[in-house]
1. Tell me the residue from ARG117, ARG165, ARG126 that is surrounded by 14 or more Cβ atoms within 10 Å (Cβ to Cβ) and of a type in the set (Lys, Arg), please.
2. Of the residues ALA187, ALA203, ALA175, which is among the aliphatic types (A, V, I, L, M), surrounded by 15 or more Cβ atoms within 10 Å (Cβ to Cβ) and under 23 Å from VAL73 (Cβ atoms)?
3. For the range 35-49, check the following and say yes or no: at least one residue is modelled with pLDDT under 85, out of contact with any helix residue (DSSP H, G or I) (no Cβ under 7 Å at 6 or more places or on another chain), open to solvent by 90 Å² or more (accessible area, probe 1.4 Å) and outside any helix (DSSP H, G or I).
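The values are calculated or read from the model by the stated rules, or taken from the named source; none is laboratory data. Just so it is clear, the model here is predicted, and its values are computed rather than measured. For neighbour counting, all protein chains shown are included, and Cβ atoms are generated from backbone atoms with ideal geometry for every residue, glycine included. For the accessible areas, the whole protein counts, side chains as well, though only heavy atoms, and no ligand, DNA or RNA atoms are used. Shrake-Rupley method; radii C 1.70, N 1.55, O 1.52, S 1.80 Å.
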Amino acid sequence: GGAVAAAVLVVLLLRRRGELRPRGAAAAGAVLGAAVVATLVIRSGDVADFARFLGVEQRDRNSQIESYSQRTVLTYIGGRIALDHPLTGTGWQGSSESASFRPYLADARTRFPDVAREALPSETRRWGVQNAYVQAAADMGVAGLAALVAVLSAAAWLGVRGWLRGADGAALGAAGIVVVVAAELAALALVPGVPVWALLWLAAGVAVASPAVSREPA
């Protein structure tokens, strides 16, 4: 999803500067399409499980953890935590603590009765929220969520603005990478050391260092 959104952004910006080449766009689109198809094939089992979870197909109660349905349940629990602690949250990484998620386990089991019990968090299974945006709201309140969105938005905008003001393709690529990372964070927790964070800061650095941005007066 992030790659597709980034591709749309790049195409629109290339077109705006009159640098869109149909042959190059077609080649890039073919590569992107192949990547999407390959991903769906590799994750076909998970996609089918999630379709059954959504009620598209009939399913029985499952005793195994399914990736997408588990993330949905964890996001639900994280959302409940965020709604009950909107200003300050529960503290950094607080949403993975038993005291934070325990009050919502019964509701989660009732709302998602077909999800394996092992998919829910417990004293021995600290799954966390697995969604950076929901976790930011649950751990740090609206200010934390706003800060995360602001960082992503600013990095992407600097890349876009640099490109529109005449910077080279590095600025455009940086903006696209930030869009990909922003989508990826919907399936990742706020955990230090994950490679996607390094990718984000590298892209943000390229956007900031774009000649069209860096030469502007402070």
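1. Just a single option satisfies the conditions, and that option is ARG165.
2. ALA187
3. no
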